[in-house]
Amino acid sequence: MRERVIIKWGGGLITEKDKMKTVRTDILDSLANQLEACVTQGMDVVLVHGAGSFGHLKARKYRLAEGRQTRDSVPPNMTQDEAVEAVRNDMQELNQYVIDALTKYDVSAVSLPPHLWARNTGPNFEGDLTMFEGAPRGIVVVTHGDVVDCDMPEEFGILSGDDLVYRLATELSGVQRLVFAMGGVEGILSEPPNGVNDASKLIETMRIKDGYEGEHMSEIDVTGGIGLKVERGFQTAAHGVAVHLVSGEIEMRVRDACLGHEVRGTTLLP
């Protein structure tokens with residue numbers, strides 16, 4: 001069976017999360033280079049990326065994660081339906097930056113935006129994952145967090161990339177590892193980062209019994225922040241998949257984690 005890895009590039013890693021639609025091109029370039037190294041080693045890769053400043057800010061402003069709202073409960077600039085289309089278009093724009101970065105390193109990639117194939121939100125979303133399973137060797141399948149259609153009364157909602165990676169890691173064949181590439185930290189910290197002795201706060205291994213409630217920037221993040229990553233990571237580890245959270249800003253750390261090398265970061269244990 002071919003060995004497969006699921007990689008999550010965090011939205012706060014590949015974009016300036018507090019600046020509308022701003023890409024960190026140097027980080028994208030480094031991540032694409034590392035992903036190419038994995039493909040060269042013969043590994044099948046499924047890549048999921050977050051939204052960052054291309055999705056969260058506008059989605060929060062128009063309360064898209066909450067589903068259909070009354071007209072007077074959202075800003076008058078646009079309707080929720082217009083906001084849904086705007087966020088989807090913004091995500092397509094960010095996705096193109098990702099594809100372009102991979103193309104620079106001769107990585108063949110195909111994009112599958114969730115609003116075209118998935119419905120409803122959370123870990124039990126509906127969607128056909130056989131498209132990912134059947135990708136030819138050497139082809140990287142890329143998807144991302146997105147606004148998807150939902151059953152009534154919500155009508156629409158935010159499908160998180162963390163829910164996507166959980167399903168992909170536990171339902172596709174041959175998945176050995178799930179790697180979260182994070183921005184600003186080297187993994188899970190024992191307390192919020194403040195720039196003082198952050199390296200000493202790193203939790204190198206965690207079990208679910210240890211308990212963890214991650215803080216996230218609720219004024220920006222509409223999908224649960226680090227707490228959701230940890231929750232879905234533990235659920236994935238329970239299926240026998242190795243789960244690592246590492247810095248996406250330190251050269252070759254994501255590559256090494258994907259290849260199964262020992263690397264500084266946080267490992268979630270079943």
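The values are calculated or read from the model by the stated rules, or taken from the named source; none is laboratory data. Since the structure is predicted, the reported quantities are computational estimates derived from the model, not experimental observations. With ideal geometry, Cβ positions are generated from the backbone for all residues, glycine too; neighbour counts draw on all protein chains shown.
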(message) Among the residues of region 52-77, what is the count of those that are assigned to a loop (DSSP other than H, G, I, E, B) and either touching an Asp or Glu at 6+ places or on another chain (Cβ under 8 Å) or β-branched (V, I, T) (or both)?
(response) 5
(message) From the list D81, D18, exactly one residue is among the charged types (D, E, K, R) and modelled with pLDDT of 95 or more. Which is it?
(response) D81
(request) State yes or no: is D106 under 20 Å from the mean Cα position of the chain (by Cα), among the acidic types (D, E) and at pLDDT 95 or above? (result) no
(request) Filter region 1-27 for residues that are under 14 Å from the mean Cα position of the chain (by Cα), closer than 16 Å to N95 by Cβ and outside any loop (DSSP other than H, G, I, E, B) and give the result. (result) I7, K8, W9, G11, L13, I14, T15
(request) Kindly check whether there is at least one residue in region 135-157 that is among the acidic types (D, E), over 21 Å from Q235 (Cα atoms) and touching a Gly at 6+ places or on another chain (Cβ under 7 Å). (result) yes
(message) Just checking, does region 50-63 include any residue being within 29 Å of G240 (Cβ to Cβ) and touching a residue at least 60 places away in the same chain (Cβ under 8 Å)?
(response) yes
(request) Could you list, in sequence order, all residues of region 230-270 that are buried (at least 19 other Cβ atoms within 10 Å of the Cβ), among the basic types (K, R) and more than 16 Å from D163 (Cβ to Cβ)? (result) R253, R255
(request) Among the residues of region 182-229, write down those that are at pLDDT below 80 and on the phi > 0 side of the Ramachandran plot. (result) G195, N197, G211, G224, G225
(message) Looking at region 1-17, I want the residues that are free of Cβ contacts under 8 Å to residues at least 60 places away in the same chain and have a partner that is surrounded by fewer than 24 Cβ atoms within 10 Å (Cβ to Cβ) and part of a helix (DSSP H, G or I) with Cβ atoms under 7 Å, at least 6 apart or on another chain. Which pairs are those?
(response) E16/S53
(message) Going residue by residue through region 62-72, is there one that turns out to be under 30 Å from Y105 (Cα atoms) and in contact with a Ser or Thr (Cβ under 8 Å, 6 or more places away or on another chain)?
(response) no
(message) Which count do you get for residues in region 232-262 that are touching a helix residue (DSSP H, G or I) at 6+ places or on another chain (Cβ under 7 Å) and in a helix (DSSP H, G or I)?
(response) 7
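From T79, T70, T121, which residue is closer than 21 Å to D162 by Cα and among the hydroxyl-bearing types (S, T, Y)?
Only one candidate qualifies: T121.
A quick yes/no check of all residues on (1) touching a helix residue (DSSP H, G or I) at 6+ places or on another chain (Cβ under 8 Å); (2) over 15 Å from W9 (Cβ atoms):
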residue: V87; (1), (2): yes, yes
residue: Q96; (1), (2): no, no
residue: I99; (1), (2): no, no
residue: W117; (1), (2): yes, yes
residue: P123; (1), (2): yes, yes
residue: D151; (1), (2): no, yes
(request) Please work out which residue is nearest to the chain's Cα centre (by Cα), limiting yourself to region 165-205 and to residues that are assigned to a strand (DSSP E or B) and over 30 Å from L129 (Cβ atoms). (result) L189
